[in-house]
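Enquirer: Take this structure first; my questions come after.
The values are calculated or read from the model by the stated rules, or taken from the named source; none is laboratory data. Just so you know, these numbers come straight off a predicted model, no measurement behind them. Ideal geometry is used to build each Cβ from the backbone, glycine not excepted, and the neighbour counts take in all protein chains shown. Heavy atoms of the whole protein, side chains included, go into the accessibility calculation; ligands, DNA and RNA do not. Shrake-Rupley method; radii C 1.70, N 1.55, O 1.52, S 1.80 Å.
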Amino acid sequence: MQRRNFLRNSLAATAAALAPATLLAKEENNAANINLGPNAGKPFQMDYAFHDGMFKNNGGADFIDQIKWAHDQGFRSIEDNGMLGRSVEQQQKIGDTLAKLGMTMGVFVIDGGDNWKTSLATGKKEFLDKFLDTCKKSIDVAKRCNAKWATVVPGYFERRLPIGVQTGHVVDALRRGAEILEPHGLVMVLEPLSDNPDLFLRTSDQTYAICRAVNSPSCKILFDMYHMQRNEGNIIQYMNLVWSEIAYFQIGDNPGRKEPTTGEMNYKNIFKHIYDKGYRGIMGMEHGNARPGKDGELALIAAYREVDSFKAGA
């Protein structure tokens, strides 16, 4: 009995020790079964920009390591909403890494703390001063990471004022911001959002009118297709109407705000349309991962390989 107990306990201990390795091997096999297509590792047709954390399971927790890993998968750009809050050392290191790999920095957000409150629409000096100060700080940040675009959100409606007066206040603020950014080649891209109905900037035509009123090469549209699908639909139609003012696109399927192929939007057709119109700029991957872990990250890449396989000009 003692011998049988010893053998049973030894086998149990061995199985327990091997379990983590077995689970890891299973996860790797599942990931390995995801088909990335014949162009795996090659640059995509379009310039998709991922963000920190999107490839952390395969690339590692450090953003620099993720950038290197994603480059090997064919990505050539990043975006980082929180770049303004990173240390000077981190900003410079990210910029140096991108330069070494021949990659491009996409948007970061110009946010002095007033983006998610009633601010620029009020016309109050306190909000204007903070916005302009943040624009000035953003210039040095952009130089360190070689950024050319920065997202601007004008904040919430001031519902005690007529919409035309609010719009005038926002236009005035953006003109002042553009005067700061334009000499340095930095473009603020205005992003209409769908997160809640209090946000002042909601539709592409509203954003178009504001850009035309500001009348600066440093004030253009960030056309986030997830938000625009939720707020107005007819993505291609509205895109065509405001095309002259679009400087940057972002991606996210609806519903869910995950990678293409997970929702209702025909991104393969949308991407072909954008490409055929001559756009060769950045397509920001402003969404989450539909599945967790390493296999979820590879599934995300496989989805992009699928929607990027459109036949240009056909």
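Enquirer: So what's the angle, to the nearest 10 degrees on a 0 to 90 scale, between helix 88-101 and the longest Cα principal axis of the chain?
Expert: So the inclination is approximately 70 degrees.
Enquirer: A further question follows. Net charge near Met54: determine it from the other residues with C-beta under 15 Å of the C-beta of Met54, scoring Lys and Arg +1 and Asp and Glu -1.
Expert: -4
Enquirer: Give me the tail of P(r) for the stretch 155-314 as a percent: Cα-Cα pairs with distance above 21 Å.
Expert: 51
Enquirer: When the Kirkwood radius is taken over all Cα pairs of the stretch 76-195, what Stokes-Einstein diffusion coefficient follows at 4 °C and 1.567 mPa s, in µm²/s?
Expert: Rounded, D is 87 µm²/s.
Enquirer: Compute the convex hull volume of the Cα atoms of the chain, divide it by the residue count, and report the result per residue in Å³ as a whole number.
Expert: Spelled out: Cα convex hull of the chain, divided by residues, is 175 Å³.
Enquirer: Sticking with this structure for a sec: Run through the DSSP bridge list for the stretch 116-223 and note the antiparallel percent, rounded to the nearest 5.
Expert: 10
Enquirer: What lysines could a cross-link reach from Lys272, if we take a straight Cα to Cα line under 17 Å and drop same-chain neighbours fewer than 8 places away?
Expert: Lys272 reaches Lys311.
Enquirer: Provide the percentage of antiparallel DSSP beta bridges, counting only those with both residues in the chain; round to the nearest 5.
Expert: Of all bridge pairs located within the chain, approximately 5 percent are antiparallel.
Enquirer: Follow-up question, since we're still on this one. At 222 nm, what value in deg cm²/dmol follows for the chain if DSSP H runs of at least 4 each add -39500 (n - 2.57) and the sum is divided by all its residues, to the nearest 500?
Expert: -15000 deg cm²/dmol
Enquirer: Moving on to the next point. Over the stretch 139-180, what per residue volume does the convex hull of the Cα atoms give, in whole Å³?
Expert: Convex hull volume per residue, Cα atoms: 75 Å³.
Enquirer: I've got another one for you. What do you get for the angle between helix 163-181 and the principal long axis of the chain? Use alpha-carbon atoms, 0 to 90 degrees, nearest ten.
Expert: That helix lies at roughly 70 degrees to the long axis.
Enquirer: Report, to the nearest 10°, how far helix 63-72 tilts away from the longest principal axis of the Cα atoms in the chain, using its own Cα long axis and a range of 0 to 90°.
Expert: With rounding to tens, the tilt is 80 degrees.
Enquirer: Counting other Cβ atoms within 10 Å, which chymotrypsin sites (Phe, Trp or Tyr not before Pro) in the stretch 28-118 have at most 15 and lie in a DSSP loop?
Expert: Trp116
Enquirer: Okay, next question. Which whole-Hz ³J(HN,Hα) couplings does the stretch 149-154 yield from phi under the Karplus relation 6.51 cos²θ - 1.76 cosθ + 1.60, θ = phi - 60°, glycine and proline marked x?
Expert: Listing the rounded values in order: 10, 9, 6, 10, 10, x Hz.
Enquirer: Roughly how big is the chain's charge dipole about its Cα centre, with Cβ charges of +1 (Lys, Arg) and -1 (Asp, Glu), in debye to the nearest 20?
Expert: That gives a dipole near 600 debye.
Enquirer: Of the heavy-atom accessible surface of the chain (probe 1.4 angstrom), what whole percent is carbon and sulfur?
Expert: 51
Enquirer: Only Cα pairs under 8 Å and at least 6 apart count here; give the relative contact order of the chain as a rounded whole percent.
Expert: 18
Enquirer: If you place +1 on the Cβ of every Lys and Arg, -1 on the Cβ of every Asp and Glu, and leave all else neutral, what size is the dipole of the stretch 91-223 about its Cα centre, to the nearest 20 Debye?
Expert: I would put it at about 200 debye.
Enquirer: A further question on this structure: Pop out the ³J(HN,Hα) list for the stretch 220-237 in order, Karplus 6.51 cos²θ - 1.76 cosθ + 1.60 with θ = phi - 60°, rounded to Hz; leave Gly and Pro as x.
Expert: Those phi angles translate into 9, 9, 9, 8, 8, 5, 5, 5, 6, 5, 6, 8, 9, x, 6, 3, 5, 4 Hz.
Enquirer: Taking amide H positions as placed 1.01 Å from N in the peptide plane, with prolines and chain starts having none, which residues 5 or more places from Thr104, or on another chain, fall under 5 Å of its amide H?
Expert: The answer is Ser77, Ile78.
Enquirer: Expressed in nm², what is the orientationally averaged projection area of the convex hull enclosing the Cα positions of the stretch 207-287?
Expert: Projected area, direction-averaged: 5.1 nm².
Enquirer: Let me ask another. Distance check, please: which entries in Lys100/Lys143; Lys93/Lys125; Lys117/Lys277; Lys100/Lys277 exceed 25 angstrom between their Cα atoms?
Expert: Lys93/Lys125; Lys117/Lys277; Lys100/Lys277
Enquirer: Strictly greater than 17 Å: what percent of every Cα pair in the stretch 31-130 meets that?
Expert: Tail of the P(r) past 17 Å holds 60 percent of the pairs.
Enquirer: Taking amide H positions as placed in the peptide plane 1.01 Å from N, state which residues far from Asp47 in sequence (5 or more) or on other chains have amide H under 5 Å from it.
Expert: Amide H to amide H, under 5 Å and 5 or more residues apart or across chains, Asp47 pairs with Met283.
Enquirer: Can you pull the accessible area of His273 for me, 1.4 Å probe, Å² to the nearest 10?
Expert: 50
Enquirer: Short version: what are the Cα gyration tensor semi-axes of the stretch 135-222, square root of 5 times each eigenvalue, largest first, in whole Å?
Expert: One finds semi-axes of 24, 13, 11 Å for the stretch 135-222.
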